[in-house]
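Below is one structure, written out as structure tokens, with a few remarks after it.
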Amino acid sequence: MSVQNIIKHLTKLIELHDSLLQVSRNKTEILKENKIDALQKLLVQEQKHVKAINQIEQKRIEAVASWANENNLDPEAITVSSIIEDFTTGTDQQELEKVTLKLAEQLMELRMQEDLNKQLTQQSMQFVQITLDMMQPSMKNINYGKSKQQSADAVSKRSAFDSRA
């Protein structure tokens, strides 16, 4: 078996990650515009992408293991990188290297985009917390008179004979 099956799965992963990257970019815009309903719909779409990526990734792992078994190698020790470096030549090597690098670039871009989304979400949460803190009065501001400690001291200084009839 050639590495074409592995290349096919890597190409499919590139397509799915490209689509997920577009979803992530859309999420950034939705976060900027503070559209909660649209964000919820987008998160469902994102989960579908992640599920599909996991399925294809599992098929890629199986294809690498199958290739290793057919070449009398330990499937646990073989990676796509080791296949590129040690076991392929010519166009197979170039093609496998090309799709692997493309996938790695996409993963890095997706990571940066998701880091941006994380920062936007954290800033939004901080804004909400600050707004809530401003809207809820602190306990110090509720009483306009003496503090509780002062009034407790005044009550304890009174005796039963100081009360008015």
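Using 0.36 nm times the number of residues separating Met134 and Lys51, minus their current alpha carbon distance, what extension gain do you get? Please report the intermediate quantities before stating the final value.
On the way: separation 83, 0.36 × 83 = 29.88 nm, distance 4.12 nm.
Stretched fully, the Met134-Lys51 segment lengthens by 25.8 nm.
What does the charge count near Gln93 come to, summing +1 for each Lys or Arg and -1 for each Asp or Glu among other residues with Cβ under 13 Å from its Cβ?
Here the charged neighbours net out to -4.
As a quick test, which of the pairs Lys35/Lys98; Lys51/Lys102; Lys32/Lys59; Lys35/Lys59 have an alpha carbon distance above 31 angstrom in this structure?
Violating the 31 Å Cα-Cα cut-off are Lys35/Lys98; Lys32/Lys59; Lys35/Lys59.
Rg to Rh ratio, segment 4-137, alpha-carbon atoms and Kirkwood radius?
1.17
Under a Cβ-Cβ cut-off of 12 Å, what is the net charge of the residues other than Leu107 that fall near it, where Lys and Arg count +1 and Asp and Glu count -1?
-3
Based on Cβ point charges of +1 for Lys and Arg and -1 for Asp and Glu, what charge dipole magnitude is obtained for segment 4-137 about its Cα centre, in debye rounded to the nearest 20?
Taking the Cα centre of segment 4-137 as origin, the dipole is about 660 debye.
As a footprinting exposure proxy, order Arg60, Arg111 by other Cβ within 10 Å, with the fewest listed first.
Arg111, Arg60
Using the count of nearby Cβ atoms within 10 Å as a rough guide to exposure, how do Leu96, Leu43 rank from fewest to most?
Leu43, Leu96
Among 6-15, 83-92, how do they line up from the highest to the lowest mean number of other beta-carbon atoms within 10 Å? Walk me through the numbers on the way to the answer.
On the way: 6-15: 18.8, 83-92: 13.3.
Going by the mean number of other Cβ atoms within 10 Å, highest first, we get 6-15, 83-92.
Taking R0 as 35 Å, what's the FRET efficiency between Ala38 and Glu76 from their Cβ-Cβ distance, rounded to 0.05? Intermediate values should be presented prior to the final figure.
Details: r = 44 Å, r/R0 = 1.25.
Given R0 = 35 Å and the Cβ-Cβ separation, E is 0.20.
Values quoted throughout were computed directly from the atomic coordinates according to the rules given, and no laboratory measurement underlies them. What you see is a predicted model, and the numbers here were worked out from it, not measured in a lab. Counting neighbours? That spans all protein chains shown, and the Cβs are built from the backbone with ideal geometry, glycine included.
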